[in-house]
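J.: This is the structure I want to talk about, given as structure tokens.
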Amino acid sequence: MAHSVFLPIEIACLALLAWIVLAFLGLACIRQPRIILNVIFPAGAAISLVIAVVGFMALTLQAQTIILPLGLPNLPFHLRLDNLSGVFLTLLGGVSFAVSIFSCGYFRNYNGPKLALVALQYHTFLASMALVLLADDAYLFMVAWGAMAVASYFLVTTEHQVPQNRSAGFIYLLTAHLGAIAILFSFGVIQGGHGEYTFDALRQAPLTPLWSTVAFLLAFFGFGAKAGMLPLHIWLPEAHPAAPSPVSALMSGVMIKTAIYGMIRVIYDLLGVIQWQWGMVVLTVGAATALFGILFALTQNDLKRLLAYSSVENIGIILIGLGLSMVFMGMGHPTLGVLGLIAALYHTINHGIYKALLFLGAGAILRSSGMRNLNQMGGFIRHMPKIALFMLVGVLSISALPPLNGFASEWLIFQTTLQAPALQSGVLRSLVPVTAAILALVGALTATCFVKVFGIAFLGQMRNPDLKEIHDARFTETIGMAWLAISCVVLGLLPVFVIHLLNNVSLSITGFGLPSDAVDSNWIWLIPTSAARASYSPIIFFAVVISAVLITIFLVHRLYHGRLRRGPAWDCGYPEQTPRMQDSSDAFAQAIRRIFGPVFKATRHFPSPDDTAPRFSVTVEDKHWAGLYLRIARLTTFVSNQLGVVQQGRIHVYLLYSLVTLIALLIFVQ
Amino acid sequence: MTIPLSGQLINLSAAFLLLVGFAMLAQRRILSLINLFAMQSFVLVLSTLIVAISTHQHHLYYSVGITFVLKVILIPWLLHRFIRKLNLKWDVETHIAIPTTMLLGIVLVIFAFNLAQPISQLSGTVTRHTLGIAIAGVLLAFLMMITRRKAVSQVIGFLAMENGLFFAATSATYGMPLVVELGIALDVLVAMVIFGIFFFHIREAFDSLDLKHMEQLKED
Amino acid sequence: MNTLVSGILFQVLQSVLMVLLAPLLLGWVNQCRAWLQNKKGAGIFQPYRTLRKLFNKDAILANNATVFFQRMPYVLFACMWLAVGIVPVLATGLPFSPAADVIALVGIFALARVFQALAAMDIGTAFGGLGARREMLIGFLAEPAMLMTLFTASLISQSTSLVTIVDNFAHHPFAIYPSMAFAAAAFVMVMLAENARIPIDNPVTHLELTMIHEAMILEYSARHLALIEWATSLKLTTYICIGIAIFLPFGIAKAGDWMALPLAIVALLAKLAAAGAGLALLEMVSAKIRIFRAPEFLSTAFLLATLGMLTHFLLEV
């Protein structure tokens, strides 16, 4: 890069610094909310673009490192920009650009102090996420990881006057901390006793298979807590409804993906030698997470809670991809493992984009109508056509329908599962197709779930006719959503570029790439292994669909008259239709609640026969609360009560404890 | 890897055996259950016949005849008669929802295959892969007996289990000695008669064939 | 270049032929059903007459119908048209088929289903929502079952491209695949469910408690309804063609083999007629099941298809 003044990594550092400066500028502009909205957020968006470009450039470049003389004495910050962090930086930049632009409009009702705090936390959050991706030593990684958790905690509790939001924030912080401790231990295990914590040193450290399994399990637990895998997912459906929508979009779109980044970094890069049993763990957890996530999403009425559960599901799908990859790698089929890794990364990017889009859409609905409960929405397409259009793109993408991006990545994961005959072991060979079956079921359930979302919220008649002042998305909101919607389409239509770029990532961290058929394929044909095995061309597919629709329209209108009359809806001749006769969100999910009854803890309230104002209500609870967390909480209380005995309140007793501890330690060290 | 045609046909009938086993798990109606059992026995007869023809084992022809007479004609006919006599028209009641049962069935199939894998690798016969299916058939029949409430379906489960064992014998070792087979056939027949008497007694004692009434027999 | 031209010709020929033949197949199924019920029947050309009648009527649209509702029939028709274009029925080696494999085929059906369900919810009537909800209920189990069935076939021929699968089955030495027995059973169940046939849905009634497919299209009239009806028959044809292509591919022509074409057409017609009669028979001997038994029926199909895949791994590899 002789022609450029700065290396990409230096630009990334400067951008990061700029975000932090913006954060404090935001705090300084506490009395000028308009400056925050019209200058600081757009500036943040511009920096996001820079980050995205840097990340994109890094996809084709060699890894670059830099050492910043910051931090503790003799412990400088190591930063590194390689292909893997490039992928996630591009995602961070791309998504946060849209979210920042969207925020200019979204936060317009906030008063000065609140807005200033949001600006501070928001930009710190962005900077800390970028730092997580750039960190090249465990120490900096943990600092950035902690900063990310704290900044997002404050963002979640922006509306801290509502008690639920405070408890949601608390649950989030608790899970984040548990995860962080596990990650810390994992780094401790990996370094293997020589006290060097740079990632380079961690890569070199020799580990016995047993210790590396311990490190894997710790890292999987720690990052899984952040990603929202089962059963550590409970913070997601609490935190997302509490947080302002742009923040939810960032958290779901990018932050939980940093956990995926962490997993890949630790497992593929730092540990290096992958055992297939790890893959089985990831695969099983991923399948369970995906299935439970979508089942719970289906039964939710709060749109943002629903989206949060759907994020859990998508994390499950990503874990399925990673798990498959690890199984293949561990069994000595690195080329097939690469396919799984690429599929997982691709799905990570896709989910980041369409989930951010859907959260922004939910935010736009909330801002416009004040509603989050699907049971009250209806007919919004007539009042907010732009939001409806963008949401439709998001809905079609997340439902994995061709030719959008969700389909492309799930297609790759299916292709990976179909490579199962290469495996030697009988158990594995039979479990991998079961995973494919679960993935297929999850995909179809997702479509059901998002038909419910779109159909209930946007189509039909207005359920609440008193609602007059609802409006479409404002200009900045439109730009934010349009950016993401276009990304969905582009990523869906040009998967070949994406997998070629992701192939670089795989080459740089595992040393293996896709087979030559896949690499040499031109931009039209997506070929995972070889042309005879499978191919898919979204562009041709899209062109043929569109032209078939147009030909049909043309022929029908050419050959027959186009007479059209308008009239009241027929509805089998039933004359008095009210909006209340439509299916509600509860009704739509009723069959699912019934079929998967044992999964849910549903309590229904039926009206009595002579009730004059009958009301039916149903609540669905996550069984993990009662079954797991409340038990842990009770156990903790019990243990604390038992330990309470040692609390005497007299100072010399405490001194005695210290003495005993000191002597015990001295004996131990001796 | 090429398998001779007879081997392929035996594999096919093994698959059908498993298919019918699952159909029996999913079936709610008692009459269809009996017909499915007859069908399973018929598939068994066919597969035994194929083994007999392809390996020229003459004693297998006898077992084909016995199985056909006993399991395809006599026992289903007896069961139909019982049902008419006892005037049973109800659907089969299950303890567990049918999809869950089938899911358990799939788990059992995977288990059975993995169990059979080392054994079938030792075996040199063309039909070695079918041992797993035979074991799966036995386990599925067991599952059916566990999940069903009524006595008749339990008897059918028992008979299906015997079918699985028989198939294991023909597929793994080209059949048992004729004496053993005759003995088993006789046993099955006697068991049928005893079960028949048993049905009538249960019905007389409890006015129903629902086995949950048997719980009353327990002394507290 | 010559093979490409002939391939495109084949492709166009097949697509047009199937679109024109689809109502005939439906008429044949209905006629067979009438015969089996000891009725005279309306003749096998009745669906064409219905289509002509509908196309000539004036369309009526509900007052609050959006563009979604109005354009859905076209999208539905186009999706089904596309689907039948992917399935090799006359010859293998279609130029369009590498663009969409079996997963994309299932994706097209899903796309059509989602659009249809959304359009049903558009006007906001009680029946529309009911139909959409039930359709998605059927769909979320039928779709994975279908995918698993096709995966079983893909694993045998080591390709998810439908053309390669059919080529492998049709033009290779005969072999018996036990796993295909499971796949076939599951496929028949899925086909019945997806095409709104007995035992899941009854295509000839509008009984409000039981209908699924018809509930979604109650508000459609004239050319929109005609397109939907046509698409429905096309969907049935596509499913039967998939079944034929995977389970009975014998007689299909090779790519660009014009000499084999007449034979292929005859074989196809014979197979379609047999399958249609079989479908009518199947519908005659079964009774429609309660809507809440439908998930049980379909989950059985799903598990059978999964079992088929397992059988392949354990018995055939």
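The values are calculated or read from the model by the stated rules, or taken from the named source; none is laboratory data. This structure is a prediction, so every number in the text was calculated from the model and none was measured. No Cβ is skipped: glycine too gets one built from the backbone with ideal geometry, and neighbour counts run over all protein chains shown. For the accessible areas, the whole protein counts, side chains as well, though only heavy atoms, and no ligand, DNA or RNA atoms are used. Shrake-Rupley method; radii C 1.70, N 1.55, O 1.52, S 1.80 Å.
J.: Using r as the Cβ-Cβ distance of A:R580 and A:R604, and R0 as 22 Å, what FRET efficiency do you calculate, to the nearest 0.05?
T.: Numbers: r = 19 Å, r/R0 = 0.87.
Efficiency for this residue pair is about 0.70.
J.: Let me ask another. Multiplying the sequence separation of A:W523 and A:N464 by 0.36 nm and subtracting their Cα-Cα distance, what value in nm do you get? Working shown, then result.
T.: Details: separation 59, 0.36 × 59 = 21.24 nm, distance 4.86 nm.
Contour length minus the Cα-Cα distance gives 16.4 nm.
J.: For A:Q590 and A:L72 in the same chain, what is the full-extension length gain: residue separation times 0.36 nm, less their Cα-Cα distance, in nm? Show your work: numbers first, answer last.
T.: On the way: separation 518, 0.36 × 518 = 186.48 nm, distance 5.73 nm.
Net length gain for the segment: 180.8 nm.
J.: Here is a follow-up. As a test question: what accessible area, to the nearest 10 Å², does A:W211 have when a 1.4 Å probe is rolled over all protein chains in place?
T.: 130
J.: Mind checking the mean number of beta-carbon atoms from other chains within 10 Å of the Cβ atoms in A:520-533? Don't skip to the end; give the middle numbers.
T.: Details: counts 0, 0, 0, 0, 2, 2, 1, 1, 1, 1, 2, 4, 6, 8.
Mean shielding count: 2.
J.: Then there is this: Per residue of chain C, what 222 nm ellipticity follows from adding -39500 (n - 2.57) for every DSSP H run with n ≥ 4, rounded to the nearest 500? Mind showing how you got there, number by number?
T.: On the way: 11 runs with 218 residues, N = 317.
Helix-only estimate at 222 nm: -23500 deg cm²/dmol.
J.: Any idea what the dipole of region C:2-316 comes to, in debye rounded to 20, about its Cα centre with Lys/Arg Cβ at +1 and Asp/Glu Cβ at -1? List each step's numbers first, then the result.
T.: On the way: 19 positive and 16 negative charges, 161 e Å.
About 780 debye.
J.: On to the next question. Can you give me the angle between helix C:102-122 and the longest principal axis of chain C, using Cα atoms only, in degrees from 0 to 90, rounded to the nearest 10?
T.: 0
J.: Another question, then. Rank these residues by their accessible area, most exposed first, probe 1.4 Å: B:R84, B:R28.
T.: Values: B:R84 165, B:R28 50 Å².
My answer, sorted largest first, is B:R84, B:R28.
J.: Within the set A:K257/A:K355; A:K601/C:K288; A:K304/A:K452; A:K304/A:K355, which residue pairs have Cα atoms separated by over 21 Å?
T.: Working: A:K257/A:K355 12 Å; A:K601/C:K288 32 Å; A:K304/A:K452 14 Å; A:K304/A:K355 11 Å.
Among A:K257/A:K355; A:K601/C:K288; A:K304/A:K452; A:K304/A:K355, the Cα-Cα distance tops 21 Å for A:K601/C:K288.
J.: In whole Å, what is the distance between the alpha-carbon centres of region A:539-601 and region A:109-135?
T.: Each part's Cα centre sits 42 Å from the other's.
J.: What is the angle, in °, between the Cα long axis of helix C:222-247 and the longest principal axis of the Cα atoms in chain C? Nearest 10 is fine, range 0 to 90.
T.: Computed tilt is about 30 degrees.
J.: What are the ³J(HN,Hα) values, in whole Hz, obtained from phi via the Karplus relation 6.51 cos²θ - 1.76 cosθ + 1.60 with θ = phi - 60°, for each residue of region C:274-288 in sequence order, with x given for Gly and Pro?
T.: Per-residue couplings from phi come out as 5, 5, x, 5, x, 4, 4, 5, 4, 5, 5, 8, 10, 9, 5 Hz.
J.: Now for a different question. Would you calculate the separation in nanometres between label points at C:F250 and A:T636, each defined as 7 Å from the Cα along the Cα-to-beta-carbon direction?
T.: The answer from the label model is 6.9 nm.
J.: Let's test the formula: R0 of 45 Å, r as the Cβ-Cβ distance of C:Q70 and A:H194. What FRET efficiency results, to the nearest 0.05? Can you show the working numbers first?
T.: Working: r = 70 Å, r/R0 = 1.56.
Computed FRET efficiency for C:Q70 and A:H194: 0.05.
J.: Ignoring ligands and nucleic acids, what accessible area does A:V53 show with a 1.4 Å probe (Å², nearest 10)?
T.: Answer for A:V53: close to 80 Å² accessible.
J.: I'd like the distance separating the alpha-carbon centroids of region C:229-287 and region A:320-383, in whole Å.
T.: Cα centroid to Cα centroid, the span is 38 Å.
J.: Continuing with this model, one more query. So what's the angle, to the nearest 10 degrees on a 0 to 90 scale, between helix C:294-311 and the longest Cα principal axis of chain C?
T.: 10
J.: I need the shape label for region A:623-669. Rule: rounded when a/c is under 1.5, else prolate if a/b > b/c, else oblate, with a, b, c from the alpha carbon gyration tensor.
T.: Working: a/c = 6.29, a/b = 2.13, b/c = 2.95.
Oblate is the answer for region A:623-669, as a/c is 1.5 or above yet b/c matches or exceeds a/b.
J.: When the dipole is taken about the Cα centre of region A:456-586, and only Lys, Arg (+1) and Asp, Glu (-1) are charged at their Cβ, what size is it in debye, to the nearest 20? Each step should come with its number before you reach the end.
T.: Values: 9 positive and 10 negative charges, 102 e Å.
I would put it at about 500 debye.
J.: Right, another one. By average Cβ neighbour count within 10 Å, what is the ranking of A:61-71, C:127-137, A:325-335 from highest down? Spell out each step's value before the answer.
T.: Values: A:61-71: 13.2, C:127-137: 25.6, A:325-335: 22.9.
Listed from highest to lowest mean packing, they are C:127-137, A:325-335, A:61-71.
J.: Separate question: Please work out the FRET efficiency for the pair A:Q647 and A:I667, using the Cβ-Cβ distance as r and a Förster radius of 25 Å; give the result to the nearest 0.05. List each step's numbers first, then the result.
T.: Working: r = 25 Å, r/R0 = 1.01.
The pair A:Q647/A:I667 has a calculated efficiency of 0.50.
J.: Further question on the same structure: Mind ranking C:258-271, B:30-43 by how tightly packed they are, going by the mean number of other C-beta atoms within 10 angstrom, highest first?
T.: Numbers: C:258-271: 14.8, B:30-43: 21.0.
Output ranking for C:258-271, B:30-43: B:30-43, C:258-271.
J.: Given axes a ≥ b ≥ c from the Cα gyration tensor, I'd like to know whether the protein assembly as shown is rounded (a/c under 1.5), prolate (a/b larger than b/c) or oblate. Walk me through the intermediate numbers first.
T.: Numbers: a/c = 1.59, a/b = 1.31, b/c = 1.22.
Judged from the Cα gyration tensor, the protein assembly as shown comes out prolate (a/c at least 1.5, a/b above b/c).
J.: Which residue, A:L341, A:A473, A:A127, has the largest displacement toward the positive end of the dipole of chain A when charges sit on each Cβ (Lys, Arg +1; Asp, Glu -1)?
T.: So the residue we want is A:A473.
J.: Under a point spin-label approximation (7 Å from Cα along Cα-to-Cβ), what is the C:L36-A:D472 distance to one decimal in nm?
T.: 5.2
J.: Also: With unit charges on the beta carbons (Lys and Arg positive, Asp and Glu negative) and the dipole taken about the Cα centre of the protein assembly as shown, which residue among C:A231, A:A239, A:F107 sits farthest to the positive side?
T.: Among C:A231, A:A239, A:F107, the one farthest towards the positive end of the dipole of the protein assembly as shown is C:A231.
J.: Indicate the gyration tensor shape class of region C:2-316 (rounded, prolate or oblate), computed on the Cα atoms with a ≥ b ≥ c the square roots of the eigenvalues: a/c under 1.5 is rounded; otherwise a/b larger than b/c is prolate and the rest oblate. Let's see the in-between values first.
T.: Details: a/c = 1.57, a/b = 1.33, b/c = 1.18.
Prolate.
J.: Can you pull out the chymotrypsin sites (Phe, Trp or Tyr not before Pro) in region A:223-314 whose DSSP state is coil and whose Cβ has at most 13 other Cβ atoms within 10 Å? Don't skip to the answer; put the middle values down first.
T.: Working: sites: A:F223, A:W235, A:Y261, A:Y268, A:W276, A:W278, A:F292, A:F296, A:Y309; in loops: none.
Of the chymotrypsin sites (Phe, Trp or Tyr not before Pro), not one in the loops of region A:223-314 has a Cβ with at most 13 other Cβ atoms within 10 Å.
J.: Taking amide H positions as placed 1.01 Å from N in the peptide plane, with prolines and chain starts having none, which residues 5 or more places from C:L61, or on another chain, fall under 5 Å of its amide H?
T.: A:R565, A:R566, A:G567
J.: B:L78 versus A:A532, label points 7 Å from Cα toward the beta carbon: distance in nm?
T.: Result for the modelled spin labels: 5.5 nm.
J.: Next question, about the same structure. Just read off the accessible area of A:D517 with the full protein assembly in place, 1.4 Å probe, to the nearest 10 Å².
T.: Accessible area of A:D517: about 70 Å².
J.: Under 17 Å from a point 7 Å along the Cα-to-Cβ line of A:S617: which residues of region A:273-303 have their amide N that close?
T.: What the label zone holds, given the 17 Å backbone N cut-off, is A:300-302.
J.: What ³J(HN,Hα) values, in whole Hz, does the Karplus curve 6.51 cos²θ - 1.76 cosθ + 1.60 give for region A:209-223 when θ = phi - 60°, with x put for Gly and Pro?
T.: Karplus-based 3J(HN,Hα) across region A:209-223 equals x, 5, 5, 5, 5, 4, 4, 4, 4, 4, 5, 5, 5, x, 6 Hz.
J.: Quote the charge dipole size of the protein assembly as shown about the Cα centre in Debye, to the nearest 20; the model charges only the Cβ of Lys and Arg (+1) and of Asp and Glu (-1). Provide the component values of the computation, followed by the final result.
T.: Details: 70 positive and 53 negative charges, 466 e Å.
I would put it at about 2240 debye.
J.: Among the lysines, which have Cα under 29 Å from the Cα of C:K254 when same-chain residues fewer than 8 positions away are ignored?
T.: Leaving aside lysines fewer than 8 places away in the same chain, those within reach of C:K254 are C:K235, C:K271.
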